[in-house]
Amino acid sequence: MALAGRLVNLGTETAFAVSLAAADWAAKGNRVYPFHLGDINLPTPANIAEAMNQAIAEGKTGYCPAAGIAPLREALADDVSRRRGLAYGPANVVVQPGGKPVITKFIQTVMDPGQSVLYPNPGYPIYESQIEYFGGRSLAYRYEETPTGFAIDLDHLHSLITPTTRAIIYNNLQNPLGCESSPEEMAAVAEIAIEHDLWVLADEAYFEMRYAGTSTSIASLPGMAERTVILYTFSKKFAMTGWRLGAAIGPVAVAEAIAKLNTNDESCTTHFVQAAGVAGITGPPDGPAAILAELQRRRDAAWSELATIPGVVCPRPDATFYLFPNVTAVTRRMGFDDVTAFADAALHATGVSFCTRKHFGRPQPGEIGHFVRFAYSGLDVDAIGEGLAALRSWIEAG
Ligand SMILES: Cc1ncc(COP(=O)(O)O)c(C=O)c1O
């Protein structure tokens, strides 16, 4: 039996293939250091788990409103407005089962088949997949290496815009690069969006995952709130990746359209999970603060090992939980033409498992360097030190 033709356009997170290879290696009795998956091996704060149990005991186990329960929409509107200097109300908020559904529902809401959407590359692979699945043209904009990290190639981004362009997907703070826009860069993206009358998806999954400084939302720049949809997620800040709770926050017309998609797709987000989310947003800040403090210790442990391996060039981001080193000199010295072969060999020689640039969107013409991504959120400090010391010995001997 034939399957639908459009499935050829559906991409995936190829990083899951790295998980399979790592699991296979572990099943053969080897120690594996899982730097490949952006998951967090820390518990969800206790007040959130208690609120969920309480909600179940109170019978909050049935259907609830498609756009989300009122207390959560109110709490999110207040919290997101306060932290970003905006003035959202509950009507601007539409609850989702995670941050990821905001991407697909945003695309369905603003893009018709044949239209184009610009997205970051390297970037979260689901953007490319969803634009193409819904019949759009996915146009990747590049980043440039800078002395301290990475910056959007603004000329390239600008050059991609045509009369059929509908939206820019803008991920700040960025996965996999760990980088953050300067105020000038963010203002330039906003200016382009306004000049060409484009929608913006502000993927702010890591907005509060930072160890220094403060985050700014592109939605707070003049002329932007009315064209921006914020992707909000509980996954990272509250270590709730498996709970599946997030929200789209933007103009009321978009929120209403997305609520209609909710009715069609999943009816509603799990009621007792939403009640737990209210406890997270309105509860004490110590849970998220402890998660962040532990991630910062891991960042320091991972960076100090990686950045001192000869031939590895590794910026130290103050945000997200990713490091994205340039390993070109190492792969050349060790005789690997292909970064995938390097990653496979590293797994089998050291147990260290990581993604490569190829897992974050199709590599662009002219790309010559080799980059890899280390997620340090799923290992404790000792495992980080041990794994990366093994990687160092292998590279130094190679
Ligand atoms: C940039 C980015 N956006 C969105 C998401 C989706 O997050 P969620 O787990 O809430 O669906 C992720 C998850 O890793 C991400 O890295």
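The values are calculated or read from the model by the stated rules, or taken from the named source; none is laboratory data. Here the structure is a predicted model, which is why all the values come from computation and not from measurement. Methodologically, a virtual Cβ is constructed for each residue, glycine included, from the backbone with ideal geometry; neighbour enumeration extends over all protein chains shown. The protein model used for the area step is the full one, side chains on, heavy atoms only, and it has no ligands, DNA or RNA in it. Shrake-Rupley method; radii C 1.70, N 1.55, O 1.52, S 1.80 Å.
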Figure the gain on full extension for residue 307 and residue 333 (residue separation times 0.36 nm, minus the Cα-Cα span) and round it to one decimal in nm.
-> 7.7 nm
Simple spin-label model, 7 Å along Cα-to-Cβ: residue 393 to residue 267 in nm?
-> 5.5
Grab the Cα-Cα distance for residue 196 and residue 144, subtract it from 0.36 nm times how many residues apart they are, and report the gain in nm with one decimal.
-> 16.4 nm
In cubic angstrom per residue, the convex hull of the chain built on its Cα atoms measures 157
For residue 12 and residue 49, FRET efficiency with R0 = 25 Å and r from the beta-carbon atoms, rounded to 0.05?
-> 0.20
Roughly speaking, to the nearest percent, how much of segment 24-99's 1.4 Å accessible area is carbon and sulfur?
-> 54
Give me the aspartates and glutamates in straight-line cross-link reach of residue 60: C-alpha distance below 19 Å, same-chain residues under 8 apart excluded.
-> 50, 74, 266
Grab the eigenvalues of the alpha-carbon gyration tensor for segment 54-104, scale each by 5, take roots, and send me the semi-axes largest first in whole angstrom.
-> 22, 15, 10
Roughly what would the spin-label model give for residue 63 and residue 82, points 7 Å off Cα along C-beta, in nm?
-> 3.4
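Taking N as the number of residues in segment 283-394, what is its alpha-carbon radius of gyration divided by 2.2 N^0.38 Å?
Segment 283-394 yields a ratio of 1.13.
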For the pair residue 364 and residue 184, the simple spin-label estimate (label points 7 Å beyond Cα toward Cβ) gives in nm 1.9
The chain: relative contact order from alpha carbon pairs under 8 Å, six or more residues apart, as a whole percent, is 25
Going by the alpha-carbon gyration tensor, a ≥ b ≥ c the square roots of its eigenvalues, is segment 212-351 rounded (a/c under 1.5) or, if a/c is not under 1.5, prolate (a/b greater than b/c) versus oblate?
-> prolate
per DSSP, antiparallel bridges as share of beta bridges in the chain, % nearest 5, sits at 50
Multiply the residue gap between residue 24 and residue 293 by 0.36 nm, knock off their C-alpha separation, and tell me the result in nm, one decimal place.
-> 93.6 nm
Among 59, 29, 98, residue whose mean-square fluctuation peaks in a GNM of the chain (springs only between Cα atoms under 10 Å) | 29
Relative contact order of segment 96-168, defined on C-alpha pairs under 8 angstrom at six or more residues apart (%) = 34
Accessible area of residue 286, 1.4 Å probe, to the nearest 10 Å²?
-> 100
Mean separation of Cα contacts under 8 Å, 6 or more apart, over the residue count of segment 1-152: relative contact order % = 22
